[in-house]
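Student: The structure is given below, and queries will be raised subsequently.
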Amino acid sequence: MKTILAELETRFGATGARFQRDDLASIDLPADRAVPAVTWLKEHTPFVQLNHMSVVDWIEDGQFQVTWLVTDPRGCRSIMVNTRIDRERATCDSVADLWPQAVTYEQEINEMFGIDFPGSPRMGVPFILEGWKDMPPMRRDFDTVKYVAEHHPHRPGRKHHDPRTYVGERFGEKGYLHD
Amino acid sequence: MTRRITESREVQLWFGPQHPGITGNMAMQVFLEGDTITRGKTHVGYLHRAFEKLMERRTFIQSFPIVCRICVPEPDTNEYLLAAAVEEIAGIEIPEKAKWIRTLVLEMSRLASMLMVLGGQAGTMGNGVPPQWMIALRDYILDRFEELTGGRVYHMYIVYGGVRRDLPPGFAERMEENLRRIEEYLPYVDDVIFDNAVFRKRTIGVGVVPEEWVDEMGLSGPIVRAMGIPRDTRKDWPYLAYPELDFDVALAEGSDIYARALVRRKEIQQSIDLIRQILAKMPQDGPYCAKLPNMMTWKVPPGQTYVRAEATRGEMGYFVVTDGSDRIRRVHVRGPSYIHGVSLLERMLPGTNIADLSALMVSLQVCPPEIER
Amino acid sequence: MSDRDWNDPRLEEALPPVADDGGPRPPRLPARIEDIPAHAPIDDTCFLGARKMPTPIGLPEAVQRIKNWIRARSLWVMAYGTGCGSIELRPLATARYDMERFGIVMRPTPRQSNVLIVSGYLAVKSLKRVVRSYEQMPSPKWLVGLGSCTINGGMYWDSYNTINRLDLYLPVDIYIAGCMPRPEALLAGFDRLMKLIDRGEANGWHHYLENLDWYKANQRKLFDDGDMPDYNW
């Protein structure tokens with residue numbers, strides 16, 4: 001796997017190659033070279049399966065991190081290919097023509113984070129939510145407690161406690177299991 | 001409206017969320033010409049609880065009760081994966097006995113889930129006897145879970161560092177008694193399900209998944225093993241105590257509904273044997289949980305990982321990202337039904353008979369809570 | 001089940017052309033629902049504009065008591081597993097807990113059942129279908145709220161997609177607390193429900209029809225995409 005990671009570094013300008021475990025590596029790519037790298041991995045290396053695709057919202061950096069997890073099923077190893085895209089103009093290349101299941105992943109990411117994948121079918125088609133008018137809910141600036149207070153009222157008389165302090169208030173320091 | 005509907009060639013049928021043949025709470029929008037489905041679309045979202053958003057607001061230990069409830073028949077795999085991912089990032093080693101107890105709990109929950117699914121497979125054919133048997137047999141395992149963890153269905157037993165409590169004394173004997181009772185019923189199950197002419201006629205050759213789709217779509221679990229390909233996450237990506245256990249991957253030929261049911265039947269026997277092996281080989285003393293700092297204020301260094309385990313349905317994975325605070329930054333649950341229930345099912349539908357649809361869905365073991373979390 | 005889904009032009013992709021064999025064809029329907037001419041404005045909270053009236057419950061007491069007794073001992077539950085709690089409905093049907101000795105059986109459709117068990121949390125999308133199923137059930141009908149999610153939101157109290165109070169949208173006759181309740185707890189709940197029916201106190205369906213506007217206003221706040229459940233007959 002080290003040769004493949006080295007090849008990614010020379011060909012696509014990847015950085016930050018590290019091994020999380022023996023069978024899991026992680027590598028970072030610039031936004032415009034990420035999908036060509038993933039395509040190259042699929043076509044020219046044993047890493048032919050797309051196991052997972054995910055997005056992390058780094059709101060403090062103003063970026064989304066998109067991660068593709070490609071797997072070599074016969075050699076039993078995986079690479080996490082990470083890239084960062086801009087949060088304001090969130091758009092990323094699509095891998096839907098490489099793997100059919102990516103259509104579902106991209107549809108859900110579009111709905112939940114608001115990232116556009118031009119060329120992917122089912123962009124804008126709602127997958128999980130119905131009649132949703134607010135901002136994409138998995139973004140970190142979407143406040144779910146405020147939304148619930150407006151739309152899903154509770155029964156009156158409900159009390160809230162923060163468990164981090166409540167245990168100490170009720171039982172003293174002995175209330176915590178470990179110190 | 002589509003042209004075919006206005007020309008009255010096609011009928012649109014909503015196989016909706018309330019239907020006795022549906023697994024869980026999802027809808028299939030199918031278009032029929034006569035009895036044959038021309039195409040279909042999966043609609044999910046009826047069970048969306050926004051787990052991942054909720055987990056961003058919970059501390060590390062508060063995530064366990066939430067994460068259990070992602071998959072109802074088999075909650076322990078989810079707990080294990082969350083614990084394993086965070087332990088890997090934080091660099092915590094769990095004691096030997098905890099590893100074995102975790103394996104035991106995972107195998108018990110696999111057994112309970114397999115029993116239910118095999119019963120459900122017969123139930124979709126109209127055979128009402130095996131579901132009653134299997135759910136009753138599953139109750140034996142749930143009794144053992146209740147003795148071990150306090151809850152029948154949701155256990156919250158696996159925590160960071162190990163497990164919550166030790167095995168109670170005499171557990172192995174009671175477990176053996178239950179396994180013996182389950183094994184008594186399995187020959188009857190074989191007669192009623194696998195030797196049944198109706199079941200055979202309705203399932204052999206039906207719902208065939210071609211081999212090329214495995215790598216193209218990332219399939220896993222009994223769907224792949226029913227093609228004769230020996231892929232099992234417990235053997236390929238070993239975790240917990242599985243390297244020290246001796247078992248064969250359950251295989252079948254034909255890649256149709258019958259072959260998948262056969263794989264599940266073999267895996268029931270495999271789980272029973274594994275539980276016996278685990279109870280025999282488990283170390284009797286040792287700590288069951290590593291000492292961890294105060295769970296309410298524990299901070300984990302930044303990191304990113306993906307852990308996988310073999311759930312009943314296939315390979316389940318958790319993608320976890322932490323950022324050094326006292327909450328998990330991002331948990332993304334990759335359930336096997338995400339691919340099997342949406343991409344694979346929609347691709348297999350054209351040409352299927354409407355009468356086989358619910359058998360096909362149970363055979364692919366589509367679990368809607370995993371798709372939309 | 002909104003127009004948005006099956007009117008989606010992406011569903012037209014890659015369809016082979018329809019063969020024209022010259023046989024008889026039904027008249028072409030207009031392309032969009034909006035083009036079908038409407039008649040007089042109808043009350044869109046009710047199907048076909050017909051509002052169902054609550055049935056009077058004023059009968060001689062002996063007859064009423066016999067009716068209640070019979071109804072309570074033959075509760076047919078609709079097999080709709082709306083949430084996690086439905087996993088404990090299956091063991092109820094097995095011989096160990098055996099709900100059939102109380103006359104409780106599982107039925108496949110709303111038209112043939114009179115108890116709806118809302119087993120756990122309800123996503124907004126699911127609530128719309130549950131309301132529709134509830135309205136399709138013939139009266140008298142009862143609703144059992146299973147689990148703590150129906151009472152006050154339960155574990156998903158801060159989730160944007162699940163409702164917190166079921167009785168704002170549907171009339172609940174009995175709650176069974178727990179997460180999730182054991183089958184014995186379910187049987188205790190059914191026992192309590194049967195006692196309530198015997199006494200004539202479980203009249204949720206009546207309350208729904210008398211306060212239909214209030215319930216529909218609450219539902220409309222959630223489903224404001226114009227596809228309100230309106231089966232009320």
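Coordinate-derived values only; no laboratory data. Source: prediction; values computed, not measured. Backbone-built Cβ (ideal geometry, glycine too); neighbour counts: all protein chains shown.
Student: Take the alpha-carbon centre of the range A:1-55, take the same for the range C:169-196, and report the distance between them in whole Å.
Tutor: 54 Å
Student: A follow-up question, please. Can you tell me how much longer the chain between A:Leu5 and A:Arg164 gets when fully stretched, taken as 0.36 nm per residue apart minus their C-alpha distance, in nm with one decimal? Mind showing how you got there, number by number?
Tutor: Details: separation 159, 0.36 × 159 = 57.24 nm, distance 4.32 nm.
Computed gain between A:Leu5 and A:Arg164 is 52.9 nm.
Student: If you take each beta carbon of peptide B:303-314 and count the beta carbons of other chains within 10 angstrom, what is the mean?
Tutor: On the way: counts 2, 10, 5, 12, 3, 7, 0, 0, 0, 0, 0, 0.
Mean shielding by partner chains, rounded to a whole number: 3.
Student: Assuming a ≥ b ≥ c are the square roots of the Cα gyration tensor eigenvalues, decide whether the protein assembly as shown counts as rounded (a/c under 1.5), prolate (otherwise, with a/b larger than b/c) or oblate. Intermediate results must be reported in sequence, preceding the final value.
Tutor: Values: a/c = 1.36, a/b = 1.18, b/c = 1.15.
Judged from the Cα gyration tensor, the protein assembly as shown comes out rounded (a/c under 1.5).
Student: Let me ask you something else. Using just the helices of chain B, give the 222 nm mean residue ellipticity in deg cm²/dmol: DSSP H runs with n ≥ 4 each add -39,500 (n - 2.57), and the total is spread over all residues, rounded to 500. All intermediate terms of the calculation are to be shown ahead of the outcome.
Tutor: On the way: 15 runs with 159 residues, N = 373.
The helix contribution divided over chain B gives -13000 deg cm²/dmol.
Student: On to the next question. Quick check: net charge around B:Glu177, other residues with Cβ under 13 Å of its Cβ, Lys/Arg +1 and Asp/Glu -1? Don't skip to the answer; put the middle values down first.
Tutor: Values: positive: B:Arg144, B:Arg174, B:Arg180, B:Arg181, B:Arg276; negative: B:Asp143, B:Glu147, B:Glu173, B:Glu176, B:Glu183, B:Glu184.
Its environment carries a net charge of -1.
Student: Right, something else. Can you figure out the FRET efficiency of B:Ala355 with B:Glu253, using R₀ = 22 Å and their beta-carbon distance, to the nearest 0.05? Working shown, then result.
Tutor: Values: r = 25 Å, r/R0 = 1.12.
That pair, B:Ala355 with B:Glu253, gives E of 0.35.
Student: Report, to the nearest 10°, how far helix B:129-149 tilts away from the longest principal axis of the Cα atoms in chain B, using its own Cα long axis and a range of 0 to 90°.
Tutor: 20 degrees
Student: Could you tell me what percent of the DSSP beta bridges with both partners in the protein assembly as shown are antiparallel, to the nearest 5? Walk me through the numbers on the way to the answer.
Tutor: Numbers: 56 of 75 bridges.
Taking every DSSP beta bridge with both residues in the protein assembly as shown, the antiparallel ones total about 75 percent.
Student: Rg to Rh for the range C:75-222: what is it, with Cα atoms only and Rh by Kirkwood?
Tutor: Checking Rg against Rh, the ratio lands at 0.94.
Student: Which distance in Å, rounded to a whole number, links the C-alpha centroids of the range B:258-319 and the range B:134-184?
Tutor: Cα centres, the range B:258-319 to the range B:134-184: 14 Å.
Student: If the label point is 7 Å along Cα→Cβ of B:Glu146, which residues in the range B:172-210 have backbone nitrogen under 19 Å from it?
Tutor: It comes to B:172-182, nothing else.
Student: Summing Lys, Arg as +1 and Asp, Glu as -1, what charge do residues with Cβ under 10 Å from the Cβ of B:Ala252 carry, B:Ala252 excluded?
Tutor: Working: positive: B:Arg225, B:Arg260, B:Arg264, B:Arg265, B:Lys266; negative: B:Glu253, B:Asp256.
It works out to a net charge of +3.
Student: Of the peptides B:63-75, B:181-193, how do they stack up when ordered by the mean number of other Cβ atoms within 10 Å, highest first?
Tutor: Numbers: B:63-75: 23.2, B:181-193: 14.7.
Most protected by this proxy first, the peptides run B:63-75, B:181-193.
Student: On to the next question. Which distance in nm do the two modelled labels at A:Phe171 and A:Phe19 give, with both placed 7 Å along the Cα-to-Cβ direction?
Tutor: Inter-label distance under the simple model: 4.3 nm.
Student: Now for a separate question. How far, in nm, would the chain grow between B:Val129 and B:Arg276 when pulled straight, counting 0.36 nm per residue and subtracting the alpha carbon separation? Could you put the intermediate results ahead of the total?
Tutor: Values: separation 147, 0.36 × 147 = 52.92 nm, distance 2.78 nm.
Length difference between fully extended and current span is 50.1 nm.
Student: Less than 11 Å Cβ to Cβ from C:Pro171, Lys/Arg counted +1 and Asp/Glu -1: what total charge do the surrounding residues give? Mind dumping the intermediate values first?
Tutor: Details: positive: C:Lys141; negative: C:Asp167, C:Asp173, C:Glu210.
After counting each charged neighbour, the total is -2.
Student: Then there's this: Quick one: of B:Lys41/B:Lys99; B:Lys53/C:Lys216; B:Lys41/C:Lys221; C:Lys141/C:Lys221, which pairs are farther than 32 Å apart, Cα to Cα?
Tutor: B:Lys41/B:Lys99
Student: Right, next: Given H placed 1.01 Å from N in the peptide plane, which residues other than close sequence neighbours of C:Tyr175 have an amide H under 5 Å from its amide H?
Tutor: HN-HN under 5 Å from C:Tyr175: C:Gly145.
Student: What is the set of long-range amide H partners of B:Glu315 at a cut-off below 5 Å, with H atoms built 1.01 Å from backbone N?
Tutor: Under 5 Å from the amide H of B:Glu315 lie the amide H atoms of B:Ser220, B:Gly221, each far enough along the sequence or on another chain.
Student: With a ≥ b ≥ c taken as the square roots of the eigenvalues of the C-alpha gyration tensor of chain B, please select rounded if a/c is under 1.5 and otherwise prolate if a/b is larger than b/c or oblate if it is not? Working shown, then result.
Tutor: Numbers: a/c = 2.09, a/b = 1.38, b/c = 1.52.
Because a/c hits 1.5 or more and a/b fails to exceed b/c, chain B counts as oblate.
Student: Could you work out, residue by residue across C:179-186, how many beta carbons of other chains sit within 10 Å of that residue's beta carbon, and then give the average as an integer?
Tutor: On the way: counts 5, 6, 0, 5, 2, 0, 0, 0.
Mean number of neighbouring Cβ atoms from other chains: 2.
Student: Is chain A best put as rounded, prolate or oblate by its Cα gyration tensor, with a ≥ b ≥ c the root eigenvalues, rounded for a/c under 1.5, and otherwise prolate when a/b is larger than b/c, oblate when not? If you can, show how the numbers build up before the last one.
Tutor: Details: a/c = 2.60, a/b = 1.53, b/c = 1.69.
Oblate shape, in that a/c is at least 1.5 and b/c is the bigger or equal ratio.
Student: Next question. Using Cα atoms only, what is the angle between the long axis of helix B:96-123 and the major principal axis of chain B, expressed in degrees (0 to 90) to the nearest 10?
Tutor: On a 0 to 90 degree scale, this one is about 20.
Student: Just checking the output field for B:237-244: average partner chain Cβ neighbours within 10 Å of each residue's Cβ?
Tutor: Numbers: counts 7, 2, 0, 0, 0, 0, 0, 0.
Per residue, the average neighbour count from other chains is 1.
Student: Of the listed peptides B:333-342, B:285-294, C:61-70, what is their order by residue-averaged count of other C-beta atoms within 10 Å, with the highest listed first? Kindly include the intermediate steps, with their values, before the conclusion.
Tutor: Values: B:333-342: 26.7, B:285-294: 14.3, C:61-70: 12.3.
Packing proxy ranking, top to bottom: B:333-342, B:285-294, C:61-70.
Student: Rounded to the nearest 10 degrees, what's the angle between the helix B:171-189 long axis and the longest principal axis of chain B, both from Cα atoms, 0 to 90?
Tutor: That helix lies at roughly 10 degrees to the long axis.
Student: Also, I was wondering about something else. Using each residue's phi in the range C:109-118, evaluate 6.51 cos²θ - 1.76 cosθ + 1.60 at θ = phi - 60° and report the 3J(HN,Hα) Karplus result to the nearest Hz, with x for Gly and Pro.
Tutor: Rounded to whole hertz, the list is 10, x, 5, 10, 10, 10, 10, 10, 9, 8.
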